Ligand code: GUN
Ligand code: FE
């Protein structure tokens with residue numbers, strides 16, 4: 001048997017690493033060497049000139065380094081989808097002809113109700129985890145359905161494929177338009193408790209529970225109160241929807257006439273804190289954004305969904321100016337794409353659209369949108385000590401991009417700088433350019449032999 005030497009479990013890569021930092025939205029580290037230890041942590045990233053020193057300090061052989069092709073390959077941090085409904089995956093790309101509240105009743109509740117069937121759940125959840133991973137989503141914050149067993153099945157599948165995730169059993173004790181799909185208040189709380197306890201027992205290293213009241217319209221005050229209290233007592237993350245469409249806001253106002261605004265409803269139910277991520281926030285007022293900032297709550301910006309359901313154009317710049325954490329979400333299937341590259345593009349498109357009607361508006365740059373999809377998402381989910389960029393001490397969550405695969409959807413020219421190539425990838429690239437995906441140092445894509453197939 002090989003004797004284990006200190007560097008024998010180290011993975012070392014040499015090449016270009018493009019990532020965001022707090023100081024700059026895109027930093028391109030060329031001719032660098034990065035080491036990942038057996039716990040999946042980045043232990044060094046330094047210039048190639050230091051490689052000899054590094055190899056002695058970390059006991060690795062330079063001939064074992066994985067060398068990337070300089071102008072063709074580079075690493076980016078794993079993409080972070082801060083808002084995705086795993087249970088709506090089958091509806092992705094269809095049923096976008098209605099506004100939010102009617103869309104929920106006609107398309108969304110019926111498909112979610114089917115997850116009572118564990119076999120159906122297993123099939124769809126396997127597909128969503130594989131699809132997102134091959135698209136470079138190393139971390140996802142999922143909504144499942146009201147069904148505890150199938151939500152636990154989703155956690156099991158995520159763990160099996162090695163993705164990092166938050167998973168929420170959806171809570172809803174009101175559904176006037178599709179009565180088959182709801183719980184009693186008691187069931188919703190008890191099943192949330194059971195879900196958290198059962199998930200905890202599994203000891204999956206990368207899968208965590210998140211308390212998930214669907215949105216104000218679906219939840220009684222009593223349910224929100226009990227979920228808020230359960231989340232606080234157990235120090236759990238919270239996710240929901242907020243201020244997505246005007247009709248929704250009007251309904252919330254009618255239900256809670258005494259609350260100052262939508263954000264205040266969650267706040268008075270103890271659901272707004274630094275572990276909270278709220279999707280959409282299209283119509284949040286400055287006063288509400290200040291409350292988000294004060295409480296440390298974050299926003300999952302879902303531009304594809306906001307456009308596809310004609311919900312509205314969210315002003316990300318204003319949220320950032322209020323120093324609110326913002327991540328990006330696909331919001332499948334309100335959003336029709338599972339790809340975080342699409343979320344980056346749509347975030348830029350929406351910001352551009354806003355600028356057309358407001359001269360002097362500071363548009364979101366493609367670099368900023370990239371930061372939202374990585375570091376921004378990690379902050380919004382409270383995971384920035386673990387993921388979001390290539391800082392030493394974080395887990396190696398990464399996507400190896402190859403711009404010259406035979407089927408690449410774009411061309412690279414000799415005149416292109418590294419940043420040009422990166423920008424082309426962001427705007428034109430897709431999963432064909434994603435050669436390998438790593439989560440916590442483990443290569444999770446291409447999928448292991450048994451399940452490997454580009455067509456499934
Ligand atoms: N608000 C409440 N539920 C949902 C949902 O499933 N999708 C979206 N986009 N908004 C919601
Ligand atoms: Fe959503």
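Taken as a whole, the structure leaves residue 80 outside the set of residues that are more than 16 Å from ligand 1 (Cβ to nearest atom), within 14 Å of the chain's Cα centre (by Cα), in contact (Cβ under 8 Å) with a residue 12 or more places away in the chain and more than 19 Å from residue 328 (Cα to Cα). When you scan segment 231-247, do you find a residue that is out of contact with any strand residue (DSSP E or B) (no Cβ under 9 Å at 6 or more places or on another chain) and within 16 Å of ligand 2 (Cβ to nearest atom), even just one? Yes.
Might you check whether a residue that is within 16 Å of ligand 2 (Cβ to nearest atom), in contact (Cβ under 8 Å) with a residue 24 or more places away in the chain and buried (at least 22 other Cβ atoms within 10 Å of the Cβ) occurs anywhere in segment 175-192? Yes, some residue in segment 175-192 is within 16 Å of ligand 2 (Cβ to nearest atom), in contact (Cβ under 8 Å) with a residue 24 or more places away in the chain and buried (at least 22 other Cβ atoms within 10 Å of the Cβ). Would you check if there is a residue in segment 330-341 being within 16 Å of ligand 1 (Cβ to nearest atom) and out of contact with any helix residue (DSSP H, G or I) (no Cβ under 6 Å at 6 or more places or on another chain)? So far as segment 330-341 goes, no, none of its residues is within 16 Å of ligand 1 (Cβ to nearest atom) and out of contact with any helix residue (DSSP H, G or I) (no Cβ under 6 Å at 6 or more places or on another chain).
The number of residues in segment 219-232 that are over 18 Å from residue 296 (Cα atoms) and assigned to a helix (DSSP H, G or I) comes to 8. Being touching a helix residue (DSSP H, G or I) at 6+ places or on another chain (Cβ under 7 Å) and either free of Cβ contacts under 8 Å to residues at least 12 places away in the same chain or surrounded by fewer than 23 Cβ atoms within 10 Å (Cβ to Cβ) (or both) is a description that applies to residue 426. What do you reckon, is residue 433 surrounded by 13 or more Cβ atoms within 10 Å (Cβ to Cβ) and within 28 Å of residue 274 (Cα to Cα)? Against the criterion (surrounded by 13 or more Cβ atoms within 10 Å (Cβ to Cβ) and within 28 Å of residue 274 (Cα to Cα)), residue 433 does not qualify. When the test is whether a residue is touching a residue at least 12 places away in the same chain (Cβ under 8 Å) and at positive phi, residue 388 passes it. Among the residues of segment 47-55, some residue qualifies, meaning at least one is surrounded by fewer than 15 Cβ atoms within 10 Å (Cβ to Cβ), modelled with pLDDT of 95 or more and in contact with a helix residue (DSSP H, G or I) (Cβ under 8 Å, 6 or more places away or on another chain).
Based on what the data block shows, is residue 178 modelled with pLDDT of 95 or more and assigned to a strand (DSSP E or B)? For residue 178, the condition - modelled with pLDDT of 95 or more and assigned to a strand (DSSP E or B) - is not met. Could you go through segment 97-109 and let me know if any residue there is in contact with a helix residue (DSSP H, G or I) (Cβ under 6 Å, 6 or more places away or on another chain) and farther than 19 Å from residue 244 by Cα. No, that holds for no residue. Note on segment 249-286: residues that are closer than 24 Å to residue 354 by Cα, in a helix (DSSP H, G or I) and either within 16 Å of ligand 2 (Cβ to nearest atom) or out of contact with any helix residue (DSSP H, G or I) (no Cβ under 8 Å at 6 or more places or on another chain) (or both) amount to 3.
Identify the residue in segment 85-100 that is more than 13 Å from ligand 2 (Cβ to nearest atom) and more than 22 Å from residue 166 (Cβ to Cβ) and, among all such residues, is nearest to the chain's Cα centre (by Cα). Only one residue tops the list, namely 93.
Can you confirm whether segment 350-371 contains a residue that is out of contact with any helix residue (DSSP H, G or I) (no Cβ under 9 Å at 6 or more places or on another chain), more than 16 Å from ligand 2 (Cβ to nearest atom) and touching a residue at least 60 places away in the same chain (Cβ under 8 Å)? Yes, segment 350-371 contains at least one residue that is out of contact with any helix residue (DSSP H, G or I) (no Cβ under 9 Å at 6 or more places or on another chain), more than 16 Å from ligand 2 (Cβ to nearest atom) and touching a residue at least 60 places away in the same chain (Cβ under 8 Å). Restricting the first member to segment 194-218 and to residues that are at negative phi and assigned to a strand (DSSP E or B), and the second to residues that are loosely packed, with under 15 Cβ neighbours inside 10 Å and at pLDDT 95 or above, the beta-carbon pairs closer than 8 Å and six or more apart or on different chains are 209/200.
Residue count for segment 314-333 satisfying the condition of being away from ligand 2 (no atom under 16 Å from the Cβ) and either within 20 Å of the chain's Cα centre (by Cα) or in a helix (DSSP H, G or I) (or both): 10. Within segment 443-454, identify whether any single residue is closer than 20 Å to residue 34 by Cα, under 20 Å from the mean Cα position of the chain (by Cα) and without any contact (Cβ under 8 Å) to a residue 40 or more places away in the chain, and answer yes or no. So far as segment 443-454 goes, yes, one or more of its residues are closer than 20 Å to residue 34 by Cα, under 20 Å from the mean Cα position of the chain (by Cα) and without any contact (Cβ under 8 Å) to a residue 40 or more places away in the chain.
Any chance segment 246-267 includes a residue that's closer than 25 Å to residue 347 by Cα, within 14 Å of ligand 1 (Cβ to nearest atom), crowded, with 19+ Cβ neighbours inside 10 Å and in contact (Cβ under 8 Å) with a residue 60 or more places away in the chain? Yes - at least one qualifying residue is present in segment 246-267.
Within segment 344-376, being over 16 Å from the mean Cα position of the chain (by Cα) and closer than 19 Å to residue 398 by Cβ holds for one residue alone: 367. Residues that are within 15 Å of ligand 2 (Cβ to nearest atom) and either touching a helix residue (DSSP H, G or I) at 6+ places or on another chain (Cβ under 8 Å) or not in a strand (DSSP E or B) (or both) within segment 59-84 comprise 81, 82, 84, listed in sequence order.
Across segment 113-128, a minimum of one residue is classified as away from ligand 2 (no atom under 16 Å from the Cβ), touching a residue at least 40 places away in the same chain (Cβ under 8 Å) and in a helix (DSSP H, G or I). The single condition among (1) in a helix (DSSP H, G or I); (2) over 17 Å from the mean Cα position of the chain (by Cα); (3) crowded, with 17+ Cβ neighbours inside 10 Å that residue 131 does not meet is (2).
The values are calculated or read from the model by the stated rules, or taken from the named source; none is laboratory data. Given the structure is predicted, the values throughout are model-derived calculations rather than measurements. All Cβ positions, glycine included, derive from the backbone under ideal geometry; neighbour counts span all protein chains shown.
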